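Scroll down for the structure; my scribbles are underneath it.
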Amino acid sequence: MSSMGLAAVAKALVAEGKGILAIDESTGTCQKRFDSIGIECTEQSRRDYRGMLLSTPGLGEHISGAILFDETLRQSSADGTPFVQLMTQAGILPGIKVDTGAHPLSGHPGEKVTEGLDGLRARLDEYHSLGAKFAKWRAVITMGENIPTSACIEANTHALARYAALSQEAGIVPIVEPEVLMDGTHSLDECYEVSEVTLRSLFNQLYDQNVLLEGAILKASMVISGSAAEHRANVQEVADATVQCLLNSVPAVLAGVVFLSGGQSDTEATAHLDAMNRSGGLPWPLSFSYGRALQSPSLKAWGENPAANVTAAQHKLVHRAKMNGLAATGSYEPALEAV
């Protein structure tokens, strides 16, 4: 794909009022989700659940793309329609998770580095042939006593940049995700510092690897207090800190920024995104790429009766997609949750 083609796909992913649905959970993570609702995690049950999500009527009104797991990209719905075809018909771009997970970083206790570069060129070529238009790679940055180290940050951002370059070579738009984990007791200011250092390292690496920023998207964690912090920042404080951090570290030419929910509640993630977009005058679109914050209500409804509750579960997904679509334009109101 040409540079213009990459930029067009990236722009479509952050179109006004739209965001990305993340359903790329590994089999192990999916097992935990299904255990929580008492559903056996099998290839068929995963297909049925994800097929229910992807076939939701009207989903394309607020969802521009969906990140899939390898298994899902290859699957078809019960009537034999490939999921990629189903998504394309709904105006939803197919994406694919390409990393192989975060593993302990040798010599650095408590820190991790994401693996998956070996053989990635061939895998990306195959994913492109299967219809993937964009990809995602997630790095994990843990905050704690004397961590993260510069070695951890640099190892992860270098891998993200190499993945991004390989993706664009294959005609696939890369989403780069350096997640600063919410776990811990850290303050808002401490999260800001780590987030800024991480993002500056990332974009230095992306420049070094000649990645076309107009054809790439940042999936960012919000600047937020640790989940166990004694005094947690409010919605406006999180929004202000996150926007300032992005302005200080993210080039204006980037196609867009989408946020991960990272352990926030469904409505909390929506409120934070809305508050950021109300600030206005930003050089890039700010949207969402949520997993649990979009799926949780649907998963619970579906789990109560997978055969009978498909419509109810889809309704909940459309509602959350709509709420976040409004937040992506700074026009969300909590009162709309009751509608």
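Derivation of every value follows stated rules applied to the coordinates shown; laboratory data play no part. It should be emphasised that the depicted structure is a prediction, and the values quoted were computed from it without experimental measurement. Neighbour counts are summed over all protein chains in view; Cβ atoms, including those assigned to glycine, are modelled from backbone coordinates with ideal geometry.
Label positions at Ala122 and Ser36, each projected 7 Å from the Cα along the C-beta direction, are separated by 3.7 nm. Backbone phi angles across segment 256-266, fed through the Karplus curve with coefficients 6.51, -1.76 and 1.60 (θ = phi - 60°), yield HN-Hα couplings of x, 10, 10, 9, 8, 7, x, x, 6, 5, 3 Hz in residue order; Gly and Pro are listed as x.
Subtracting the Cα-Cα distance of Glu237 and Thr88 from their residue separation scaled by 0.36 nm leaves 49.8 nm. Here segment 219-296 and segment 9-36 have alpha carbon centers that stand 16 Å from each other.
Cross-linked pairs Lys112/Lys316; Lys32/Lys136; Lys18/Lys300; Lys136/Lys300: Cα-Cα separations exceed 31 Å for Lys112/Lys316.
Report, ordered by chain and residue number, the aspartates and glutamates lying within cross-link reach of Lys219, taken as a straight Cα distance under 12 Å and ignoring same-chain residues fewer than 8 apart. By straight Cα distance, Lys219 reaches Glu177, Glu179. Taking a ≥ b ≥ c as the square roots of the Cα gyration tensor eigenvalues, segment 3-338 comes out rounded, since a/c falls below 1.5.
In order along segment 36-45, the phi-based Karplus estimate (6.51 cos²θ - 1.76 cosθ + 1.60, θ = phi - 60°) of 3J(HN,Hα) comes to 5, 10, x, 10, 5, 8, 10, 4, 6, 5 Hz; Gly and Pro are listed as x. Given a Förster distance of 51 Å, report the FRET efficiency between Glu214 and Ser45 from their Cβ-Cβ distance, rounded to the nearest 0.05. Calculated value: 0.80.
For segment 26-123, taking Cα atoms only, Rg and Dmax work out to 16.1, 51 Å respectively.
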